[in-house]
Amino acid sequence: MVAAPYPYFCCTPYGNSSTVYSMTTSPQTHPQIHPQRWLILGVICLAQLTVLLDNTVLNVAIPSLTRELDATTSDIQWMINAYSLVQSGLLLTAGSAADRYGRKKMLVAGLALFGVGSLVAGLADTTAQLIAARAGMGVGGALLFTTTLAVAMQIFAPEEQPKAIGIWAAVNSLGFATGPLIGGFVLNHFWWGAIFLINLPVVALGLVAVVALVPESKSPQGDRPDLLGAFLSTVGMASLVFAIISGPAHGWTSPRVAVSAGVAVVVLALFAYWESRIPYPMLDLAFFRDRRFTGAVAGAVLVTFGMGGALFLLTQHLQFVLGYGPLEAGLRTAPLALTVVALNFTGLSAKVLTRLGGPLSVLVGMVVMAGGLVSIATLAADGYAGMLAGLVLIGVGTAVASPAMAHAIMSSIPPAKAGVGAGINGTLGEFGTGLGVAVLGAVLTSRFAAESLPVALAATDSATEKARLVDSFAAGLETSQLLGATAVLAGGVLAAALLRRAEKQEKGETGEESAVLAA
């Protein structure tokens with residue numbers, strides 16, 4: 001889940017222990033029970049949280065980057081997308097490389113790359129440098145994201161794995177929304193580069209702990225890394241997002257947009273062809289023949305599209321329209337994360353899943369999430385109360401829908417491929433988030449006829465004109481948020497319908513088998 005701001009979708013503590021166990025081990029092997037396993041889990045969860053925070057921490061720095069680096073809306077979108085697109089393109093390849101060459105080695109490499117990228121980002125003095133640094137951090141983030149769970153499964157016995165996975169997933173659910181809070185606190189006391197430099201002590205601690213505590217493990221018979229697939233998927237997604245970002249400013253029929261969109265179509269088609277021809281695909285297209293998997297993936301992509309773009313707009317709404325500072329904006333997004341964590345730790349979301357079943361849980365959860373986005377779009381202009389109601393609704397919907405979608409994905413593929421299924425979901429969730437930021441940002445740009453609100457406000461001294469600009473910006477935000485709500489609602493309906501049809505088909509096949517056996 002996003003995994004993305006929603007890596008939560010990638011794994012869930014609600015599956016049975018055998019499903020979780022199959023993600024990193026075979027039924028014939030058992031993980032080594034490490035005497036310091038809980039300490040190791042705490043360290044890798046801290047590293048994981050740092051990776052997840054960097055998906056959202058940049059949002060609260062948008063006004064600072066706009067002022068200090070003269071960043072345009074497109075620049076800001078690329079700063080965010082460079083990280084998520086590179087990470088999503090490499091997730092499956094990174095996991096395969098960790099299995100083949102050693103999970104400890106890849107974890108150390110991921111921490112080192114993430115640390116170097118954070119240092120360069122913190123010291124960047126141009127938008128180009130920051131975008132490049134964010135891309136480098138995405139490479140390290142991909143290695144960390146895929147290996148932290150593998151290491152956790154390696155050091156815990158099967159009976160402890162559900163508890164360990166629960167903690168890992170809880171950290172994931174915290175990460176997507178606490179970024180604005182931590183970023184706001186840092187920006188309230190330091191300059192914007194500090195939001196990246198605070199990663200360095202965590203990276204240093206992680207490197208020491210991993211080298212000293214984590215045992216090595218690898219599978220020499222593992223699949224080869226699909227390097228060409230990773231390259232094609234990354235180029236294809238980057239080209240697609242570039243076309244979407246460039247459309248409002250340069251025209252949807254301009255050569256710049258047409259060429260980048262054409263490159264995206266061709267490269268993604270080559271990616272699909274390549275994946276269908278090789279024996280070790282990064283994305284096994286056979287998974288999409290299962291309606292449960294297809295339904296859950298469709299829901300995950302659409303919900304991350306709506307939520308990723310909406311959260312990108314939310315911090316701008318809080319700061320530009322409602323006038324809150326970075327720390328105040330971060331604090332006012334915290335109820336979303338707190339709601340998700342509370343429902344998961346108390347087990348309420350698991351009870352809802354058990355009572356309603358997967359399809360209905362997905363539908364109910366995503367309808368509630370869409371209602372939260374509508375509340376923010378229509379009521380936030382009148383003050384924080386409407387936004388608070390929306391944040392709580394989004395949190396409730398996320399806590400209900402996420403486990404149901406994750407369980408559908410993990411139960412629809414062979415146990416031996418459970419880790420691959422989680423990686424596929426994470427990749428598509430990351431893609432949905434990046435695309436959501438691009439599309440909803442493009443909608444905002446098309447509605448608000450200026451590069452950025454601060455630039456437009458600085459260009460006029462008229463109080464009346466400034467009020468008109470703020471109102472126009474708020475109207476663009478409302479339109480974008482409502483589009484995000486529509487995507488989430490469509491995802492809920494589509495996913496629930498496909499999951500329901502899959503359940504009926506399975507029941508029919510089971511009935512036919514029983515009849516044959518009885519005969």
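The values are calculated or read from the model by the stated rules, or taken from the named source; none is laboratory data. These numbers were taken from a predicted model, which means no experiment stands behind them. Each accessible area value is taken on the protein alone, full model and side chains, heavy atoms only, with ligands, DNA and RNA left out. Shrake-Rupley method; radii C 1.70, N 1.55, O 1.52, S 1.80 Å.
Structure summary
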quantity	calculated
Apportionment of accessible area to carbon and sulfur, segment 66-163, percent (1.4 Å)	65
Accessible area of segment 262-385 belonging to carbon and sulfur atoms, whole % at 1.4 Å probe	68
Inter-part distance where segment 351-380 and segment 36-88 are each reduced to a Cα centre, Å	27
